[in-house]
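These notes concern the structure reproduced below.
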Amino acid sequence: MSIEPRTPLWWRATLALSLGSFLIFVNLYAIQPLMPRVGEELALSSLQASWLLSVSTLTLALALLIFGPLSDAIGRRALMLITMALATVCTLMISLAPGYASLLALRALQGFLLGGLPAVAVAWMGDEFTRPALTMAVGLYISGNSLGGISGRVIGGAVGGVWGWRTSFVVVGLLSIVAWLVFYWLLPRQQSFVPQSLNLKRMGGDLKGHLRNRMLLGAYLIGGLNFFIFVNLYSYITFRLSAPPFGLATQWLGLLFLTYLGGTIGSAFSGRLTGRLSQPAVMMAGIVLLMIGTLITLSSSIIFIIMGLCCNAFGFFMCHSMASSWVGRQAVGARASASSLYLMFYYLGASLGGFYLEPFWRMANWPGVVAAALIVLCITLCLAALLRRLERRQLMQQE
């Protein structure tokens, strides 16, 4: 029997998955404010340090395409529990990594394991919840994503600034153990799940069909390229603000990520705009705000830099929420794989952005990074305009 909204069982399951989501993104992003300090201690270049985040998002992106179909065969609850437990072990091992190579390898493995819950959490809800219960739960689950990302960066920066970056991973690891135990206790056992055999040929056909759909491909590129810029701007702003004349300590760099809260407002605001504007038009508005925020960060005032980052987060998440919902609306069948493909582009973008921005950082420091960001954002703005044009054509054909 499916779980109805606002029942005790619904609250247990929703709280468990939101907590699991929070745990995943705490572990994923705790490294970001620590990168200047890790780089200094291990004598790394800015690119090598930024790769400590990028390698995790890269392997997480790959995991999304593996764990989703695998869960159809072996079940979702067990997969989430096992991958979360192993990821926590990786977190604790990172605190003991003797050098850069071992640290990078552990972050890669950790990222892959962290992909287990995001790949199947919504599918678990789809199996066990009624449609109204699913709609209500997904909003709370996504809030766990953003709060986990913010908390991981703040905790990592605060602990690392006082006791060192290795202690940050010990604290995050211990927090993860407690959260895993609560997750195990709260999440109900599956009642409606029906195992399916793995059909690789069908899976490949679905993915190929999504990539051939221009309405979907445009959204994939927008989500991936925007995140390509957005998350890596934060990485390079930590290098800028840790150096003279700002000289911010690690704990203050962690607090910079509180500007992500602007993204929570942006996501909610985008839903209101869809009653007045088309989804591609809202995407375009978000990209323009992301461009404006990036330009504001050129200021030498820390107050204006923070304002620019808030504007960035607002615009990015406004566009991201529209692009992800656009995929669900435009996919013709196999919606789960269409959404997984969007997330793969999204996290793949985060992984590769550092390689693109690094030469600009070396040539012209922060102004170079801003110029490089604006080039890519102009491309995504054009892609959103193309989607708007395709949507108008689609509506005219339906008439």
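For region 186-264, count all C-alpha to C-alpha pairs, find those more than 19 Å apart, and express that count as a whole percent of the total. Roughly 66 percent, rounded to a whole number.
Our coupling estimate for region 76-91, obtained by passing each phi through the Karplus curve with A = 6.51, B = -1.76, C = 1.60 and θ = phi - 60°, is 9, 4, 4, 5, 5, 5, 5, 5, 5, 5, 5, 5, 5, 4, 4, 4 Hz, Gly and Pro reported as x. How many percent of the alpha carbon pairs in region 137-246 exceed a separation of 26 Å? Of all Cα-Cα pairs in region 137-246, 52 percent lie more than 26 Å apart. Put simply, the convex hull of the Cα atoms in region 130-186 casts, on average, a shadow of 4.5 nm².
Remark on F129: its backbone amide H falls under 5 Å from those of I3, a criterion applied only to residues 5 or more positions apart or on other chains, H modelled at 1.01 Å from N. For the chain, the solvent-accessible area with a 1.4 angstrom probe is 42 square angstrom per residue.
Taken over the C-alpha atoms, region 254-332 has Rg and Dmax values of 13.4, 48 angstrom.
Computed over the alpha-carbon pairs of region 249-399, the distance histogram in 10 Å steps reads 11, 33, 36, 15, 4, 0 percent, short to long. With semi-axes defined as the square roots of five times the eigenvalues of the C-alpha gyration tensor, the equivalent ellipsoid of region 9-114 measures 29, 14, 11 Å, largest first. Extent along the principal axes, Cα only, for region 1-55: 56, 16, 11 Å, with the longest axis given first. Its Cα gyration tensor gives region 157-309 an equivalent ellipsoid, and the semi-axes of that ellipsoid, as √(5λ) in whole Å with the largest first, are 35, 29, 16. Rolling a 1.4 angstrom probe over the chain with all protein chains present gives an accessible area of which 70% lies on carbon and sulfur atoms. Rounded to whole numbers, the Karplus 3J(HN,Hα) couplings from phi for region 38-51 are 4, x, 5, 5, 9, 6, 9, 6, 4, 5, 4, 5, 5, 5 Hz, using 6.51 cos²θ - 1.76 cosθ + 1.60 with θ = phi - 60°, and x at Gly and Pro. Per-residue ellipticity at 222 nm from helix content only, as computed over the chain with -39500 (n - 2.57) for each DSSP H run of at least four residues, stands at -29000 deg cm²/dmol.
The values are calculated or read from the model by the stated rules, or taken from the named source; none is laboratory data. Everything quoted here is computed from the prediction, not taken from an experiment. Surface accessibility is based on the protein's heavy atoms, side chains included, excluding ligands, DNA and RNA. Shrake-Rupley method; radii C 1.70, N 1.55, O 1.52, S 1.80 Å.
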